[in-house]
1. Does the range 83-97 contain at least one residue that is away from the ligand (no atom under 12 Å from the Cβ), under 27 Å from Arg182 (Cα atoms), of a type in the set (Ser, Thr, Tyr) and under 15 Å from the mean Cα position of the chain (by Cα)?
2. Between a residue in the range 193-206 that is over 11 Å from Arg4 (Cβ atoms) and any residue that is exposed (fewer than 12 other Cβ atoms within 10 Å of the Cβ) and modelled with pLDDT of 95 or more, which pairs come within a Cβ distance under 9 Å, given they are 6 or more apart or on different chains?
3. Among (1) more than 30 Å from Ala161 (Cα to Cα); (2) surrounded by 15 or more Cβ atoms within 10 Å (Cβ to Cβ); (3) out of contact with any Asp or Glu (no Cβ under 7 Å at 6 or more places or on another chain), where does His77 come up short?
4. Please enumerate the residues belonging to the range 46-69 that are within 12 Å of the ligand (Cβ to nearest atom) and among the charged types (D, E, K, R).
5. Quick check on my filter: what residues within the range 1-56 are of a type in the set (Gly, Ala, Ser) and without any contact (Cβ under 8 Å) to a residue 24 or more places away in the chain?
6. Restricting to the range 151-192, give me the number of residues that are aliphatic (A, V, I, L, M), within 15 Å of the ligand (Cβ to nearest atom) and buried (at least 16 other Cβ atoms within 10 Å of the Cβ).
Amino acid sequence: MRGRFITIEGGEGAGKSTNVALMADFLRAAGVAHLTTREPGGTRLGELVRELLLAVTAEPIVPLAELLLMFAARAQHLAQVVVPALEAGTWVICDRFTDASYAYQGAGRELGEAPVAALEQLVQGELRPDLTLILDLDPERGLARVQQRGPLDRFEREQRAFFVRVRTAYQRRALADPVRCRLIDAGQTPEQVGEAVLAPLHDLVGGQ
Ligand code: TMP
């Protein structure tokens with residue numbers, strides 16, 4: 001049977017990494033073959049593109065170039081990692097996917113949904129995640145967490161208004177697609193967030 005494709009999303013410092021690890025532990029305990037990966041990244045090319053995208057450099061990256069690089073990394077990642085795994089019955093937990101392109105490039109960079117939708121169709125065809133967990137957090141709280149981790153990357157240096165647009169876009173996407181998406185209040189205690197993250201996974205594992 002085909003593996004399940006699970007993505008996790010949210011603003012900076014919303015707790016994605018912690019909850020990716022939690023989900024992986026849960027699937028391991030349930031005996032479900034799985035892998036964890038991330039975007040941009042997950043392949044050699046994707047990790048190189050990630051470095052280009054996160055580096056703070058003198059030359060600005062124009063929004064369309066940023067969007068195309070995200071999808072270039074995604075095309076490679078889908079072909080080399082995600083699709084082969086799903087076809088082999090391995091579940092894939094991916095830290096960010098195309099909802100991030102809608103939120104960051106479509107809304108944050110104000111490119112609009114149309115170019116993102118066009119590339120989604122081109123690169124993914126019919127492929128969509130089975131489940132998307134969106135960790136919702138006040139950008140101020142998220143950025144405060146990120147600032148404690150060390151130097152800020154090119155996205156983390158954006159203005160507050162950018163992150164407000166990103167958050168609103170994620171909320172809108174969760175509302176528009178309630179079957180696939182779960183909007184989780186990431187301002188709760190880590191235990192409460194963890195419970196909310198694992199609840200839909202229980203259902204997916206149970207429904208196999
Ligand atoms: P991460 O460090 O949270 O994993 O993600 C790196 C950055 O990449 C994050 O600031 C969001 C950004 N990003 C986009 O702007 N568009 C995308 O499609 C993806 C996957 C990530």
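The values are calculated or read from the model by the stated rules, or taken from the named source; none is laboratory data. This structure is a prediction, so every number in the text was calculated from the model and none was measured. In this analysis, Cβ positions are derived from the backbone assuming ideal geometry, glycine residues included, and neighbour counts consider all displayed protein chains.
1. No, the range 83-97 contains no residue that is away from the ligand (no atom under 12 Å from the Cβ), under 27 Å from Arg182 (Cα atoms), of a type in the set (Ser, Thr, Tyr) and under 15 Å from the mean Cα position of the chain (by Cα).
2. Qualifying pairs under 9 Å: Val193/Asp185; Ala196/Asp185.
3. (3)
4. Glu47, Arg50, Glu51, Glu66
5. Selection gives Ala21, Ala29, Gly31.
6. Result for the range 151-192: 4.
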